[in-house]
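Below you'll find the structure, written out as structure tokens, and then a few comments.
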Amino acid sequence: MITPDDELADAYNEALELEKAGDHAAAAKAYARVLALDPDDHGGAAVRLAAMGLGDTPVRAPEAYVEMLFDQHASVFDDILVDQLGYHVPLLMRQALLDHASGSYARLLDLGCGTGLAGVALADMTSNRTGIDLSANMIDLAAEHELYDELYVGDAVSFVEEVEDEAWDLVAATDVLPYLGDVAALFAGVRRIGTASAVFGFSTEVLPDAVMGGRDFMVGPHQRFVHKLSYIETALAAAGFTLLHTSDITVRHEEGTPQPGHLVLARAV
């Protein structure tokens, strides 16, 4: 007997095979079937369609997809991200803070904290540390560092929009924007929960303007969002931040090819 889960798995595998074979038109039909079977989109069909240029660009990656993606990879996350993909954004943020916003911070909010790489990098610069991540498995690993005073399983945007009676003077989001398209709600929420002069540090991924065209953001070929720097700057100003620093960085390597991005520091005004 074929169960609904079997039917979904078969549909998703068929769509992946068609995509890898280069038959994007057939893959798009297969992904449409996946979405009909799984409206919550645990497999990220919507972002895969957008990456192929055959679907509308969503405003963010589906929460169910991000949660499943990181839950599945939690046990090998640091090995894959740091050792294989050359990801060092938390260390780059640490240096940027030392160079452009030096000092000690009373409270760090680590959005999308994952296994706690940013918490480790910023530990000696902060007195109190709070982490939040959609993946419960990631939170379990972050707790093993024994650096965080509080850890929450949940969505970063919802957290900064809804948390009450809290204020942080340093907010880090070192690998969050690649899973968000529209950043307005995140930036406004960070300003809402920040102190009067809070510092907000984050990373983005980019593609050449010729690929971006007139778009402020889009889903890139590796199913992650890329953003125009001008859009980021405008969104920060609208949310109540002034730009402190931007730098071109290599976010990670994909199949040996550097993935360019930006490291951004802003201060609440």
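The values are calculated or read from the model by the stated rules, or taken from the named source; none is laboratory data. Remember, it's a predicted structure, so these values are computed and weren't measured experimentally. Quick reminder, even Gly has a Cβ in these numbers, built from the backbone with ideal geometry, and neighbours come from all protein chains shown. What goes into the accessible areas is simple: the full protein's heavy atoms, side chains included, and nothing from ligands, DNA or RNA. Shrake-Rupley method; radii C 1.70, N 1.55, O 1.52, S 1.80 Å.
Between A21, A50, which is among the small types (G, A, S) and surrounded by 16 or more Cβ atoms within 10 Å (Cβ to Cβ)? Walk me through how you get there before you give the answer.
Working: A21 fails: surrounded by 16 or more Cβ atoms within 10 Å (Cβ to Cβ).
Unique residue meeting the criteria: A50.
Is segment 33-53 home to any residue that is free of Cβ contacts under 8 Å to residues at least 12 places away in the same chain, basic (K, R) and touching a Leu at 6+ places or on another chain (Cβ under 9 Å)?
No, that holds for no residue.
Looking only at residues that are more than 22 Å from H262 (Cβ to Cβ) and polar (S, T, N, Q) in segment 131-181, which one is nearest to the chain's Cα centre (by Cα)?
By that ranking, first place goes to S135.
I need the full set of residues from segment 233-257 which are at pLDDT below 95 and open to solvent by 70 Å² or more (accessible area, probe 1.4 Å), in order please.
Across segment 233-257, the qualifying residues are E255, T257.
What are the residues in segment 258-269 that are touching a Gly at 6+ places or on another chain (Cβ under 7 Å) and open to solvent by 10 Å² or more (accessible area, probe 1.4 Å), if any?
V269
Restricting attention to segment 163-179, which residues are among the aliphatic types (A, V, I, L, M) and free of Cβ contacts under 8 Å to residues at least 40 places away in the same chain? So that I can check it myself, show each step before the final result.
Just the residues of segment 163-179 that are among the aliphatic types (A, V, I, L, M), to begin with: 163, 167, 170-173, 176-177.
V163 - this is the single residue of segment 163-179 that is among the aliphatic types (A, V, I, L, M) and free of Cβ contacts under 8 Å to residues at least 40 places away in the same chain.
When both residues are 6+ apart or on different chains and their Cβ atoms are under 9 Å apart, which pairs have a first residue that lies in segment 125-136 and is farther than 26 Å from E67 by Cα and assigned to a helix (DSSP H, G or I), and a second that is of a type outside the set (S, T, N, Q) and open to solvent by 30 Å² or more (accessible area, probe 1.4 Å)?
M125/R94; M125/L98; M125/G103
Name the one entry in L85, L108 that is more than 19 Å from P178 (Cβ to Cβ), among the aliphatic types (A, V, I, L, M), out of contact with any helix residue (DSSP H, G or I) (no Cβ under 7 Å at 6 or more places or on another chain) and in contact (Cβ under 8 Å) with a residue 60 or more places away in the chain. Break it down stepwise before answering.
Details: L85 fails: more than 19 Å from P178 (Cβ to Cβ).
Residue meeting the stated conditions: L108.
If a residue has to be farther than 28 Å from D169 by Cα and part of a loop (DSSP other than H, G, I, E, B) to count, how many in segment 225-259 make the cut? Explain how you work it out, then say what you get.
Taking segment 225-259 first, the residues farther than 28 Å from D169 by Cα are 253-259.
Within this subset, residues satisfying the condition of being part of a loop (DSSP other than H, G, I, E, B) are 255-256.
So the answer is 2.
Per-residue answers, yes or no, for (1) touching a Pro at 6+ places or on another chain (Cβ under 6 Å); (2) of a type in the set (V, I, T); (3) part of a strand (DSSP E or B):
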| residue | (1), (2), (3) |
| --- | --- |
| E161 | no, no, no |
| V171 | no, yes, yes |
| D175 | no, no, no |
| V190 | no, yes, no |
| F200 | no, no, yes |
| T204 | no, yes, yes |
| V211 | no, yes, no |
| G214 | no, no, no |
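Looking at segment 172-196 only, could you name the residues that are open to solvent by 50 Å² or more (accessible area, probe 1.4 Å) and under 22 Å from E67 (Cβ atoms)?
D182
Going by what's in this entry, would A45 be described as small (G, A, S) and open to solvent by less than 50 Å² (accessible area, probe 1.4 Å)? Lay out the reasoning, then the answer.
Working: small (G, A, S): yes; open to solvent by less than 50 Å² (accessible area, probe 1.4 Å): yes.
Yes.
Just one of E7, E14, E67 is open to solvent by 40 Å² or more (accessible area, probe 1.4 Å) and under 17 Å from D175 (Cα atoms); which is it?
Values: E7 fails: under 17 Å from D175 (Cα atoms); E14 fails: under 17 Å from D175 (Cα atoms).
Of E7, E14, E67, the one residue that is open to solvent by 40 Å² or more (accessible area, probe 1.4 Å) and under 17 Å from D175 (Cα atoms) is E67.
Go through (1) closer than 18 Å to L244 by Cβ; (2) among the acidic types (D, E); (3) open to solvent by 50 Å² or more (accessible area, probe 1.4 Å) for D169 and report which single condition fails.
Only one criterion is unmet by D169, namely (3).
If you go through segment 113-122 one residue at a time, do you hit one that is loosely packed, with under 15 Cβ neighbours inside 10 Å and assigned to a helix (DSSP H, G or I)?
Start the filter on segment 113-122 by keeping residues that are loosely packed, with under 15 Cβ neighbours inside 10 Å, which leaves none.
No - not one qualifying residue is present in segment 113-122.
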